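Engineer: Below are the structure tokens for one structure; questions will follow.
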Amino acid sequence: MRFRDCKALNGPTPGALVVAGLILSGLCACSGPILSFGVDAKPELPHEPTSTGSIAKPPTSFGKDLGEEDWRRAHAALSVALDPQGNGKPVKWDNPETAMRGSVNPTGLPYVSNDEICRDFLASVVAPATSRFVRGTGCKPSGGGWALKRLKAAPKPAAT
């Protein structure tokens, strides 16, 4: 065998050179340094207010005069009254310890709003010295509990 006929000594073929070049160019693209300017400087974010004031905070109770136990009982009545499978009749609540009492009366059929089941109601709150009516909307997410979404004082019905 002649020295010139040995393929191992002839060098790489042109196809092998192309493959090696592609591999090297791919590796070079991944190993370059990432330049970042001002590494120590943190970007300044504009001051974001915690509240814009355009969205009202949802109510948490029928009024400030209701204690924790009063609201627990009123909320239980709200949950029963607004139940879409319920009979639609008023549900009464009372707390003998504080002499607070009232009722929740659904005023419309249940409807869906923002993926929640909602229902409008009229509630009465009777304290030893005063009484009032509140009109509102309660909503319930799927699998969750009823929460007040809107609440406003309702005018007292005219005496007949």
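Engineer: Using only the Cα atoms, work out Rg/Rh for segment 66-160, with Rh taken as the Kirkwood radius, to two decimals.
Structural biologist: 0.98
Engineer: From the backbone phi of segment 132-146, what are the Karplus-calculated ³J(HN,Hα) couplings (6.51 cos²θ - 1.76 cosθ + 1.60, θ = phi - 60°) in whole Hz, Gly and Pro given as x?
Structural biologist: 7, 10, 10, 10, x, 10, x, 10, 9, x, 4, x, x, x, 6
Engineer: Using packing as a proxy for protection, rank 110-117, 122-129 so that the peptide with the highest average count of other Cβ atoms within 10 Å comes first.
Structural biologist: Packing order, densest peptide first, comes out as 122-129, 110-117.
Every read-out reported here was derived from the displayed coordinates using simple, explicitly stated rules and does not represent laboratory data. What you are looking at is a predicted structure, and each value in this text was computed from that prediction instead of being measured. When we count neighbours, we look across all protein chains shown, and the Cβ atoms used for this are built from the backbone with ideal geometry, even at glycine.
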